[in-house]
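Read-outs: derived from the displayed coordinates by stated rules, not from any lab. Because the structure is a prediction, the values reported are computed rather than measured. Glycine gets a Cβ as well: all are built from the backbone with ideal geometry, and neighbour counts include every protein chain shown.
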Number of protein chains: 2
Amino acid sequence: MTDTAFLEDFHAVSRIGATPANGVDRQAATPADRETREWFRAFAERRGWETRVDGIGNQFALVELVPGAPYVLLGSHLDSQPLGGRFDGAYGVIAGLHAAARIADRAAASPAAGSTGPAYNVAVVNWFNEEGGRFAPSIMGSSVFAGIKREDEMLEVRDLGGTSVREALAGIGYLGTDARPEIASYAEIHIEQGRILERDGIPIGAVDRSWYTQKLDVEVLGEQSHTGATAMADRHDALLGAAKVIAKVHEVTEHFEPETLVSSVGQLTLEPNSPIVVARRVHLVADLRADDADVVLAARDRLLADIADIADAYGLRITARDFDVRDNQHYPESGLALAEAAAAELGLGARRIRTMAGHDSVAMNRIAPTVMLFIPSVDGVSHCEREYTRDEDMIDGVAMLAEVGWRLVHGALQAELVAAPASAPANA
Amino acid sequence: MTDTAFLEDFHAVSRIGATPANGVDRQAATPADRETREWFRAFAERRGWETRVDGIGNQFALVELVPGAPYVLLGSHLDSQPLGGRFDGAYGVIAGLHAAARIADRAAASPAAGSTGPAYNVAVVNWFNEEGGRFAPSIMGSSVFAGIKREDEMLEVRDLGGTSVREALAGIGYLGTDARPEIASYAEIHIEQGRILERDGIPIGAVDRSWYTQKLDVEVLGEQSHTGATAMADRHDALLGAAKVIAKVHEVTEHFEPETLVSSVGQLTLEPNSPIVVARRVHLVADLRADDADVVLAARDRLLADIADIADAYGLRITARDFDVRDNQHYPESGLALAEAAAAELGLGARRIRTMAGHDSVAMNRIAPTVMLFIPSVDGVSHCEREYTRDEDMIDGVAMLAEVGWRLVHGALQAELVAAPASAPANA
């Protein structure tokens, strides 16, 4: 598979669910999401690869090198945020398909006798609902695969319109029943979504750990009344309380060193949402992240105190619930060394880097030796239409993933396989 | 028509679109709104009254006393806010129907010769979309009737789901083509939605004027980004800007004497509204009202300055547009005197009172001699399920409206008819 073929495929997928400002809108289990899945399946079938869909809509393409052996899994996700970027997730899946094809070609071109041949097969995955914009929590498909979330519970999660994951997946024809492949290791490549690689002029990031993250699910309960006729002193305005909470969620970052904590509210629903009615109820979700768990916990405690003060001041009832708490994940040292060796062999600069964003690899790292790679993002922006990564950086990343995958199918992280937690089997 | 018959009818209508907490949810042109219209039509048809529906969905029941004469119009609206109260609007329509029936009975029982008989007919109206919760602006049907709003423009107004007024009215079978009745005068009775009558222990309010009101339509434009991965300094968070605007819309009231100004945000939409995406756009509507127009204008100017500061501070673009501006409306002195005389004849206490809320009578007062009456509201609450008015207060109000209507059909405000503005004909 050539670099040109990769770019053609990448730009073809970018047209699925394309928005006028060069982004994509392909939320999980929508018609646009289905269309990317059809594209993925066609890619695999043209090469004679087996495809599977599991019970939570994860889609696999299996490339057999060693009959009966477990799989080195490469991939990411093809779903996007509403009006999201065309690189986030999609790059990793398409790079995974091309890397798998290169690994298969390289194995066919160099049949090795005995112990120098591949020890594992290779597979590519398109994880279901990494973004979580339509169905919370995010990182859903890989978390079910890793045994961190229960499949039956996730299938009952509903979007704001009341449609369940089960109904939405069935609706696009991707509520599967296939067995999950047994895996030996996992590798993912993704755009950085930050400015560090761009600033340093380095093409490859080897991710050493993820930030500690949690969400706060906040419900503000007031009393519905008339915006025109109710005395100000008699109002119990849930939207005013929510506005004060949103401001505090932002301001809490000022109590810590700059950029050690990020904290914002991105989702809010309002009832009854009428121009001349004081709101009865607001539901919102705050997202807090830091490298240091203690920073997140201190910010959370401060916010809970602020929220209690707001409830008192405005005659409201406000509840805040911890949700989607994710501990720091450390990727294995041996995987970092493997990535550095692969980059060196390809003549590509590489540095270690942390991820603030969540990724499917954060879930997979719990159950298998995992390598997480970054390529640069222009201006560090993501989850927006102007997200951008240059073609040459994408091409370097495909070469890098193919080299890492080649080493993995030859058993590079085989020792770590034993270290996978017994309580969370790969085929949960 | 007896008081018992009135209460039976009132409580029957309260069951249409009833909510578990004793409210109703009958937004304009929904199936529940259609059901109240069918009830209204059946009431009229049982009495042999003609019914009509005009091109904006206003529904009329016509009672002929003097063939060919114009009509004294009584009424209000049967639509409600989402999870609204069962009294707001519905009371005035049902009281209007019963008052009209009493006037017809009284006329039949006392046929008068020559100049002592009725000079006008009587009609009852159920105005379309007074509430404006689904389709803005509010007071839509009566404003079209009064020539203040254009029917063709109002028919193209869309709800948040994209459905137009025209489509919604056609969908419930109430996009009519009937001629509007020629009217001589208008009377409306409504719950106060404030605490003054309750506090003073007075059963009838004669409304002397409406507050000056305006809305501000605010759009906050930021940039979509990742709540987890984007540096705080790089965020342009439209929801944070909106939260600051909401707080200012509340705080502006503190710069004026207590309760001289009311100001709140009730409606807000957020894009893309995903838990892990910093918002790109927020649209919200602020509602400002005061008896003194200068107070509203001063508050508006202060808010525009605050909004400019917020845009600067958070790297946002914010626009604010004046919308739905309504000048103070003074109800005619002769109508107030008529109401006071009618109350005295019935032995009911009455006082003059202002309305902070908008009513269909505010529009009708522009084109015809208008009497606006209030009855008490327990705790002054409205636009909520616990809105409440006692049966005995409702019964007093029906008697009051029937007496006012009786005087109107006998030409009590006939002199004012000449004073109606020529530029806004009754049958606009």
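Side notes on the structure shown:
- DSSP bridge orientation in chain B - percent antiparallel, rounded to nearest 5: 70 percent
- Label-point separation in nm, B:Val378 to A:Leu7, each point 7 Å along Cα→Cβ: 7.5 nm
- Only the Cβ atoms of Lys and Arg (+1) and of Asp and Glu (-1) were treated as charged; on that basis the dipole of chain A about its Cα centre amounts to roughly 520 debye.
- Here B:Asp312 yields copy-to-copy label distances, from shortest upward, of 3.5 nm, the label point defined as 7 Å from Cα along Cα to C-beta.
- Approximating the spin labels as points 7 Å out from Cα along Cα→Cβ, the A:Ser110-to-B:Asp178 distance works out to 8.7 nm.
- With Cα atoms, 0 to 90° folded angle of helix B:3-14 axis to chain B main axis: 30 degrees
- Shape of the stretch A:176-221, Cα gyration tensor, a/c cut at 1.5: oblate
- Radius ratio Rg over Rh of the stretch A:213-326, counting only Cα atoms, Kirkwood formula for Rh: 1.03
- The stretch A:48-106: proportion of alpha-carbon pairs further apart than 19 angstrom, %: 37 percent
- Taking the C-alpha atoms only, the angle from helix B:391-409 to the longest principal axis of chain B is near 60 degrees.
- Computed over the alpha-carbon atoms, the stretch A:258-390 gives an Rg to Rh ratio of 1.09, Rh here being the Kirkwood radius from the mean inverse distance.
- In loop segments of the stretch B:1-82 as defined by DSSP, the trypsin sites (Lys or Arg not before Pro) with at most 15 further C-beta atoms inside 10 Å of their C-beta are B:Arg15, B:Arg47.
- Axis-proximal residue of chain B for the rotation onto chain A, reported as residue and distance in whole Å: B:Ala243, 2, based on Cβ position.
- The protein assembly as shown - mean residue ellipticity at 222 nm from DSSP helices (-39,500 (n - 2.57) per run, n ≥ 4, rounded to 500): -10500 deg cm²/dmol
- Sorted shortest first, the distances from the A:Ser110 label point to those of the same residue in the other copies are 11.1 nm; each point sits 7 Å from Cα along Cα-to-Cβ.
- Relative contact order for the stretch A:213-326, counting Cα pairs under 8 Å that sit 6 or more residues apart, in percent: 44 percent
- At q = 0.13 Å⁻¹ the log10 of I(q)/I(0) for the stretch A:89-235 amounts to -0.88, computed by Debye summation with a single uniform scatterer per C-alpha, solvent ignored.
- Normalised Debye scattering of chain B at q = 0.07, 0.08, 0.11, 0.13 Å⁻¹ gives log10 I(q)/I(0) of -0.36, -0.46, -0.83, -1.12, counting only Cα atoms as equal scatterers and leaving out solvent.
- Whether the stretch A:55-151 is rounded, prolate or oblate, judged on the alpha carbon gyration tensor where a/c under 1.5 counts as rounded: oblate
- Rounded to the nearest angstrom and listed largest first, the equivalent-ellipsoid semi-axes of the protein assembly as shown from its Cα gyration tensor are 66, 27, 21.
- Largest-first ellipsoid semi-axes for the stretch A:6-89, taking √(5λ) over the Cα gyration tensor eigenvalues, angstrom: 26, 14, 11
- Secondary structure note: in the protein assembly as shown, about 70% of the DSSP beta bridges are antiparallel.
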